[in-house]
1. Any idea which of Arg346, Arg240 is at pLDDT 95 or above, closer than 30 Å to Glu214 by Cα and among the basic types (Lys, Arg)?
2. Just a yes or no: is a residue in region 277-284 in contact (Cβ under 8 Å) with a residue 40 or more places away in the chain, surrounded by 24 or more Cβ atoms within 10 Å (Cβ to Cβ), closer than 21 Å to Ser195 by Cα and not aliphatic (A, V, I, L, M)?
3. Can you give me the number of residues within region 114-137 that are without any contact (Cβ under 8 Å) to a residue 24 or more places away in the chain and either buried (at least 18 other Cβ atoms within 10 Å of the Cβ) or in a strand (DSSP E or B) (or both)?
4. Within region 59-71, how many residues turn out to be of a type outside the set (D, E, K, R) and surrounded by fewer than 19 Cβ atoms within 10 Å (Cβ to Cβ)?
5. Got a sec? Which of Arg187, Arg160, Arg180 is touching a His at 6+ places or on another chain (Cβ under 9 Å) and in a helix (DSSP H, G or I)?
6. Can you pull out the residues in region 2-36 that are in contact (Cβ under 8 Å) with a residue 60 or more places away in the chain, more than 28 Å from Ala331 (Cβ to Cβ) and touching a strand residue (DSSP E or B) at 6+ places or on another chain (Cβ under 8 Å)?
7. Would you call Tyr290 crowded, with 16+ Cβ neighbours inside 10 Å, closer than 26 Å to Leu126 by Cα and not polar (S, T, N, Q)?
8. Please verify whether Arg320 is outside any loop (DSSP other than H, G, I, E, B), touching an Asp or Glu at 6+ places or on another chain (Cβ under 9 Å) and either surrounded by 14 or more Cβ atoms within 10 Å (Cβ to Cβ) or of a type outside the set (Phe, Trp, Tyr) (or both), treating the condition exactly as stated.
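The values are calculated or read from the model by the stated rules, or taken from the named source; none is laboratory data. All of these numbers come straight from a predicted model, not from anything done at the bench. Cβ sites come from the backbone with ideal geometry, for glycine too, and all protein chains shown count toward neighbours.
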Amino acid sequence: MASVPASHVYVRHLSAVDPDVEEPVRRLPDPDPADPRQSAEQRWWPPVMLDPDWIRAGDFDVFHLQFGFDAWSPEDLTAVVAALRETGRPLVYTVHDLRNPHHRDRALHDRQLDVLVPAADAVVTLTPGAAAEIGRRWGRTAEVLPHPHVVPLGVMETVRRTRQESRDEFRVGLHVKSLRESMAPLRILPSLLSSVRSIPGGVLQVNGHRDVLEAGGARYDAALASYLAEEAPGGGIDVRVHDFMSDDELWRYLSTLDASVLPYRFGTHSGWAEACRDLGTTVIAPTCGYYAEQGPALSYVHEEDLFDAASLVEAVHQARLTPHLGRADVAERRAQRTQLAAAHARLYRSLL
């Protein structure tokens, strides 16, 4: 089967991990964008499988679209659907994003969804709320299959066994990365920092990439950088500026936090939230999208044009009282892999 993309961690974790469970689905490796005859392994963008000519020539039974079409026009996606129809291959579409977190304006993504959701032979999504929205907008019934773990199971086991707890410090993380369009850190930072400072031993750790927090960076945000510099002498804030983290660096970082605040003002689902749950870090999720439906989380009111500071303050204090809220169990995550593999295999067979 052609899964777009095959090497993304979400897709890789749709296969059973139990060696006694036979894997009925064989996913083709991602073709290298520089040479479609080669496997790309981790390099999959732009996805060659979205080329109608590749579809016509490809040897596969089912086409499952997950990610990677951000830059594709609705006309391009219509051509993809047409190529699948010509060759008699069913289209499965997992709706991860009902609002693209990288697009300030939602119009393009809405038009892309208007092509894909009605055309799909089967629609999947991750939460009941997203499924309900799909039903309202397109009259389609989406099968709800939860997000699998993100952190490797072995790392989860090690962190569970070795994670050091501190009674003297309560560390809350705000990770601004390279400032996606969906992020609004300056909107929430004053209330967030004030609430953390009010907790004995409270520390707010703010991580950001150099391109955002260092002058001359491609996405330099002078207002955000200035705010952090002005607040640093007041204590209670730990600013870390760095390049992109490797996976291992990211797991180590997340496992040092008691709670992680998602600073999103729009969006739908989050792999970051799943990684936090894998490592026992409490998630403080906004009310926009369906982040809080993915698993146990604390919630605060944050929408595109709305932010309630009191709800964030309450969530931070609640996080102090409920450590490791929603921490994923390794055995349950392992079993979930088996269940997800079986559910996808059943879905594919039903279309053939």
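1. Values: Arg346 fails: closer than 30 Å to Glu214 by Cα.
Just a single option satisfies the conditions, and that option is Arg240.
2. Yes; the residues of region 277-284 include at least one that is in contact (Cβ under 8 Å) with a residue 40 or more places away in the chain, surrounded by 24 or more Cβ atoms within 10 Å (Cβ to Cβ), closer than 21 Å to Ser195 by Cα and not aliphatic (A, V, I, L, M).
3. Residues that pass the stated criteria total 1.
4. So the answer is 4.
5. Arg187
6. Listed by number, the residues that qualify are Ala2, Val4.
7. Answer is yes for this residue.
8. For Arg320, the condition - outside any loop (DSSP other than H, G, I, E, B), touching an Asp or Glu at 6+ places or on another chain (Cβ under 9 Å) and either surrounded by 14 or more Cβ atoms within 10 Å (Cβ to Cβ) or of a type outside the set (Phe, Trp, Tyr) (or both) - is met.
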